[in-house]
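A short worksheet on the structure shown next.
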Amino acid sequence: MHDPTKSTPQDFPDLGALKAGDEAAWQAAFWHLWPIALRAAQNPQARLEDAEAEDVASEAIEILISKIEQVTSFDHAEALVSVIASRRAISHARSNSAAKRPPPNNRDFALAEIPAVSSTNMTDIDLCEMIVLLRRAFDVLDVSTRLMLLEKTGDGLTYNQISKKHGVPLGTVCTNVARGLKKVRAHLQESPLLMKELREYLR
Amino acid sequence: MGTEMTEDEFDILAAKVLAGEATADEATRLQEALAQDAELRAEFAELRATWAALKDVGPLAQALNTPPAEPPPERLRKWHAAVARKRKHEEVDFAQVGAPVRKKLRVSQLCLAAAFLATAIIAGVFLSHRSSGTATSAPIAYLVARKDTVEVRRDGKATAVKSVTTLCVADEIRLSPQASATLITPNGARPLQGPQEFVNVQVLSSAAAATNGTETKSRAAGTALFQPSRQLLGLLVTMRSGQSIPVYSPVGFTANLTPMILWKSEPGKSYDLSIMDEFSTAAPLRRAGVVSPVEFTNAWPGRTLAKDGLYRLRIAENGKPLTTTELTFRTLPQPGETLPADPADKLVAAYEILTANPSRLGDALGALVSLPPEFADSDLALRLKLFAFGQLGYQEDFESAAARLEARR
C-alpha cells in the first residue's frame with residue numbers, strides 16, 4: 001500500500017484498479033481528489049466555514065466512491081468530484097441561510113447571493129466533459145492571462161483590482177482577458193471531444 | 001473587424017461591457033460599433049457565451065489543477081472504509097445472484113456451476129453488448145404495441161400485448177395483418193409492420209442493427225434500458241439540493257417553442273413563474289399563483305419562445321421566496337413537432353428524445369409523466385425516468401421510480 005507520509009503520488013491512479021476497490025489505488029486517488037473537492041467546496045458563493053467545506057468535500061469523495069462504475073477516466077472522476085462538491089456546498093449554504101434567517105416579508109430577500117442551481121443545466125456528464133475541456137484550454141494560455149481571466153470570471157475582482165495586483169495598465173488587463181476568452185473558445189472549438197451541447201452552449 | 005474600431009479598442013470595450021464595468025459612453029460606443037458590423041456582433045456574442053461558460057465552470061476547471069495534497073488521516077480512514085464497504089457489498093450482491101438459482105434448481109454444486117456456465121454462455125451470445133457477466137435480469141428488448149393485434153409467445157404461450165412489454169431472449173413476436181409496433185433494442189428502435197408470423201426477438205433485433213432502425217446515440221440511455229436493474233442505482237450521478245423545487249420541463253434543451261411548464265408542485269401550494277429571455281431586455285413572462293402543469297399556450301396565448309433562444313425559468317412557492325428554483329434552458333434552432341397524443345407514440349417519442357443528441361430531458365419527462373398507468377408503469381417508461389431523474393439529480397423521484405421498477409420484478 002502506498003505510504004502517503006513518505007511521498008506524494010504524482011501519477012494518476014488506474015481507473016480499473018479503483019473500480020476493483022484496490023486500496024493502494026484509492027490511497028493515491030484520495031491525494032488527488034481531496035484538494036480538488038476541497039477547493040470546489042470553498043465555492044465563494046457558498047461562503048462555508050473551513051470545517052463545513054471539509055465536510056462537504058469529504059462527502060463528495062464518498063459519493064464518488066459509490067459512483068465509480070459510472071466514471072470513464074480519472075479526469076472525469078476529478079471533474080465529477082468537483083461538480084458534486086460545488087453543488088453540495090451551495091446546497092449546504094442554502095440550508096444554513098434558511099436556518100439562520102427569519103422568514104422574509106418581501107421578495108427582496110430572495111436568495112440573490114446564492115443561485116438555486118447552477119445557471120447551466122447541462123447534465124452532469126456534459127458538465128464534467130466541459131470542465132475537462134476547459135482545464136485543457138487553460139493550459140494553452142500564458143500564466144498571466146490565465147490568472148487574470150480566472151481572477152475576473154472566477155474570483156470576481158474588478159479590472160482595477162487586477163491592474164493594481166499585477167502592476168499593469170487597466171487596458172492591458174482588459175485586452176488580456178478578451179484575448180484569453182478568444183483563445184479558450186478557439187481551443188474548445190478545435191477539440192475533437194467537443195460535443196454538440198457544448199457548441200450550442202458556447203454560441 | 002469594423003473599420004471604425006481597432007481590435008484593441010474592441011477587446012477593451014468588450015471586456016468592460018461583459019464585466020459590467022463599462023461607462024455609459026463606452027457601452028454606447030460598443031453598441032454603435034456592433035450595430036454597424038455583423039462580424040463584430042458575432043464575435044461579441046461568442047465572447048459573451050464563453051464568458052458565461054467560464055463564470056459557471058471555470059473555477060471548477062481550475063480546481064482540477066490543484067496539486068495533490070495529503071488528506072487528514074481521519075478522512076482517509078473514513079473513505080477507505082467506504083471503499084471496503086462497497087467492495088463487500090458487491091461481493092454479497094454477486095453471491096446473492098446464485099441463491100434463487102440454487103433454490104429453484106435444487107441441484108448439486110456441479111449442476112449449479114453448470115447453470116452459471118450456461119448463464120454466462122447465454123449472456124455472451126445474446127448480451128454481448130454489455131460488459132457485465134453477472135446479468136440475470138437485464139431486458140433484451142422492449143415491444144411497444146401501436147395498432148391492432150400484437151402477440152408475444154413465451155414458453156409456448158402467446159399473450160396479446162396491449163401497451164408495452166419487456167422481452168426475453170427466447171420470446172417470439174407475431175403481428176396481425178394490420179398491426180404495427182415498435183421494437184426497442186440496444187441497436188435502436190425499429191418499426192414493425194404486420195403481417196408477421198412468430199419470429200424470435202433476437203432475429204428482429206439483429207435486423208434492427210442492419211436495417212433502418214433508429215440508432216441509439218446515447219450510450220448512457222442505452223445503459224439505463226438494458227442493464228440489470230441492480231446496476232441502475234449508479235445512474236443517479238449526483239444529487240441536487242432537497243430544498244429546491246424539482247423542475248421536469250423545460251430543462252436543458254427543448255424543441256418546443258410553447259413548452260409545458262412542469263414541476264413538482266405540492267398539494268395546497270401555489271407558485272409564481274417567470275420566464276426571462278437572456279438575449280433580450282424585454283419584460284419576463286410571468287404568472288402568479290399557479291400549479292403544475294402550466295400550458296404555455298394557455299398562460300400566454302399567442303406568444304411563443306424564440307428559436308435558438310436562452311431563457312431563465314424561475315419558479316417560487318407563492319409567498320415563500322426561500323423555496324425557489326431558477327434554471328436556464330435553450331430552445332433549438334430547428335424546433336420539432338409537438339408531442340403526440342397517443343400514449344404508445346408518446347413513449348417511443350420519449351425514448352427517441354432521450355437517445356438523441358442533444359438529449360432533451362425536459363421534453364422527454366413531459367411525455368413520460370403524462371402517460372396513462374398501463375404505459376407509465378412499464379419497465380421501459382420507468383427505466384427512461386430513472387435515466388432522466390438520475391441525470392437531473394432528483395434523488396426522491398429517482399428512488400420512487402427505482403422502487404416501482406423493483407416492485408415489478
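Restricting attention to the range B:342-356, the residues that are within 11 Å of the chain's Cα centre (by Cα) and either of a type outside the set (A, V, I, L, M) or in a helix (DSSP H, G or I) (or both) add up to 6.
Among the criteria (1) at pLDDT below 50; (2) farther than 24 Å from B:Asn357 by Cα; (3) at the interface with chain B (Cβ under 9 Å from one of its Cβ atoms); (4) surrounded by fewer than 19 Cβ atoms within 10 Å (Cβ to Cβ), the one A:Asp139 does not fulfil is (1). Check whether at least one residue in the range B:53-65 is assigned to a loop (DSSP other than H, G, I, E, B), within 20 Å of A:Thr153 (Cα to Cα), modelled with pLDDT under 85 and at the interface with chain A (Cβ under 7 Å from one of its Cβ atoms), and report yes or no. Yes - at least one qualifying residue is present in the range B:53-65. For the range B:13-65, filtering for residues that are crowded, with 18+ Cβ neighbours inside 10 Å and β-branched (Val, Ile, Thr) leaves 3. Could you identify the single residue in B:Ile275, B:Ile353, B:Ile315 that is of a type outside the set (Phe, Trp, Tyr), crowded, with 21+ Cβ neighbours inside 10 Å, touching a strand residue (DSSP E or B) at 6+ places or on another chain (Cβ under 6 Å) and away from chain A (no Cβ under 11 Å)? Being of a type outside the set (Phe, Trp, Tyr), crowded, with 21+ Cβ neighbours inside 10 Å, touching a strand residue (DSSP E or B) at 6+ places or on another chain (Cβ under 6 Å) and away from chain A (no Cβ under 11 Å) holds for just one of B:Ile275, B:Ile353, B:Ile315, which is B:Ile275. May I ask you to list pairs of residues, at least six apart or on different chains, whose Cβ atoms are under 6 Å apart, with the first in the range B:260-289 being part of a loop (DSSP other than H, G, I, E, B) and the second being of a type in the set (Ser, Thr, Tyr) and surrounded by fewer than 19 Cβ atoms within 10 Å (Cβ to Cβ)? Partner pairs satisfying both residue conditions: B:Pro284/B:Ser274.
Kindly check whether there is at least one residue in the range B:153-175 that is modelled with pLDDT of 80 or more and touching a Gly at 6+ places or on another chain (Cβ under 6 Å). Yes: one or more hits.
Any chance the range B:365-386 includes a residue that's facing another protein chain (nearest Cβ under 10 Å), surrounded by 16 or more Cβ atoms within 10 Å (Cβ to Cβ) and outside any helix (DSSP H, G or I)? For the range B:365-386, residues facing another protein chain (nearest Cβ under 10 Å), surrounded by 16 or more Cβ atoms within 10 Å (Cβ to Cβ) and outside any helix (DSSP H, G or I): absent.
Okay, residues lined up against (1) part of a loop (DSSP other than H, G, I, E, B); (2) in contact (Cβ under 8 Å) with a residue 12 or more places away in the chain; (3) over 24 Å from B:Arg330 (Cβ atoms):
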site: B:Met5; (1), (2), (3): yes, yes, yes
site: B:Asp8; (1), (2), (3): no, no, yes
site: B:Lys16; (1), (2), (3): no, no, yes
site: B:Leu34; (1), (2), (3): no, no, no
site: B:Ala45; (1), (2), (3): no, no, no
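The values are calculated or read from the model by the stated rules, or taken from the named source; none is laboratory data. Everything numeric here is computed off the predicted structure, so don't read it as measured data. Neighbour counts are summed over all protein chains in view; Cβ atoms, including those assigned to glycine, are modelled from backbone coordinates with ideal geometry.
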